[in-house]
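Inspection log for the structure reproduced underneath, given as structure tokens.
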């Protein structure tokens with residue numbers, strides 16, 4: 001049930017602000033209300049659900065402050081990971097990821113979902129290739145919130161196409177084992193993404 005609800009939220013089948021009534025969830029999953037409440041509390045701990053007194057649980061609505069807090073952490077963490085990954089990344093895995101990017105072809109003709117999926121693979125690989133177990137653990141705690149924010153841009157082809165180009169630049173720096181370029185490229189990408197998300201929130 002937990003994984004199913006996470007997937008529903010991150011794929012936006014359950015939109016921000018959607019109610020999560022315990023009775024309806026119990027009927028859907030064939031569970032009693034006690035384990036339902038435990039799952040909802042776990043989702044709250046993942047910053048995906050909010051509880052309101054006398055109202056119940058709802059899919060979390062991100063605020064600009066939420067986005068700011070997340071990107072501040074990502075901007076501290078992921079460029080550091082990129083600098084480490086440039087010197088530690090495994091040859092076979094980076095070759096596989098580069099082939100996946102090449103196979104996608106022209107980003108102007110690719111779907112936003114395909115570009116988003118590749119972007120997630122790059123960010124995940126960047127953290128894993130850092131070789132720093134503590135960094136990877138911290139990254140993992142941010143991953144669901146990051147995917148929730150990313151779902152806000154995944155329907156905007158122009159936004160994802162720009163991100164695609166930035167990802168390719170970071171990947172090339174990693175291939176060349178250029179720690180400075182990888183670190184700076186990741187920082188530029190995150191700072192621009194932060195601005196884009198805030199702009200989308202203001203316009204929505």
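No lab work stands behind these numbers, since they all come straight from the coordinates. As the structure is a computational prediction, the values presented were derived from the model and not from experiment. Because the Cβ atoms are built from the backbone with ideal geometry, glycine has one as well, and the counts that use them run over all protein chains shown.
Applying a 10 Å radius around every beta-carbon, put 73-83, 178-188, 12-22 in order of their mean neighbour count, most first.
Packing proxy ranking, top to bottom: 73-83, 178-188, 12-22.
Percent of alpha carbon pairs in the stretch 2-59 separated by more than 17 Å?
Across the stretch 2-59, Cα pairs with separations above 17 Å total 29 percent.
What whole number of Å gives the distance from the Cα centroid of the stretch 75-126 to the Cα centroid of the stretch 6-46?
32 Å
Treat the chain as a sphere of radius equal to its Kirkwood radius over Cα pairs and apply Stokes-Einstein at 10 °C in a medium of 1.306 mPa s; give the translational diffusion coefficient in µm²/s, rounded to a whole number.
Approximately 88 µm²/s, per Stokes-Einstein.
Rounded to the nearest 500, what is the chain's calculated 222 nm mean residue ellipticity when only DSSP H runs of at least 4 contribute -39500 (n - 2.57) each, over all residues?
-24500 deg cm²/dmol
Hey, in the GNM for the chain with a 10 angstrom Cα cutoff, which one of 110, 86, 127 fluctuates hardest?
110
How much length, in nm to one decimal, is gained on full extension between residue 73 and residue 34, taken as 0.36 nm per residue of separation minus their Cα-Cα distance?
10.6 nm
For the Cα atoms of the chain, what angle does the longest principal axis make with the long axis of helix 133-150, in degrees from 0 to 90, nearest 10?
With both axes taken from Cα atoms, the answer is about 70 degrees.
Percent relative contact order of the chain, based on C-alpha pairs within less than 8 angstrom and at least six residues apart?
26 percent
Using a simple spin-label model with points 7 Å from Cα along the Cα→Cβ vector, what separation in nm is obtained for residue 204 and residue 137?
Taking the simple label geometry, residue 204 and residue 137 are separated by 3.3 nm.
For the chain, take the longest principal axis of its alpha carbons; what is the angle in degrees between that and the long axis of helix 64-88, to the nearest 10 within 0 to 90?
In the chain, helix 64-88 runs at an angle near 40 degrees to the longest axis.
Round to the nearest 10 and give me the degree value, 0 to 90, for the angle of helix 91-104's Cα axis relative to the longest principal axis of the chain.
Result, in degrees: 80.
Jot down the radius of gyration and Dmax of the stretch 118-204, Cα atoms only, both in angstrom.
Expressed in Å, the Cα Rg and Dmax of the stretch 118-204 come to 13.4, 40.
What's the FRET efficiency of residue 109 with residue 41 using the Cβ-Cβ distance as r and R₀ = 41 Å, to the nearest 0.05?
Efficiency computed from Cβ-Cβ geometry: 0.40.
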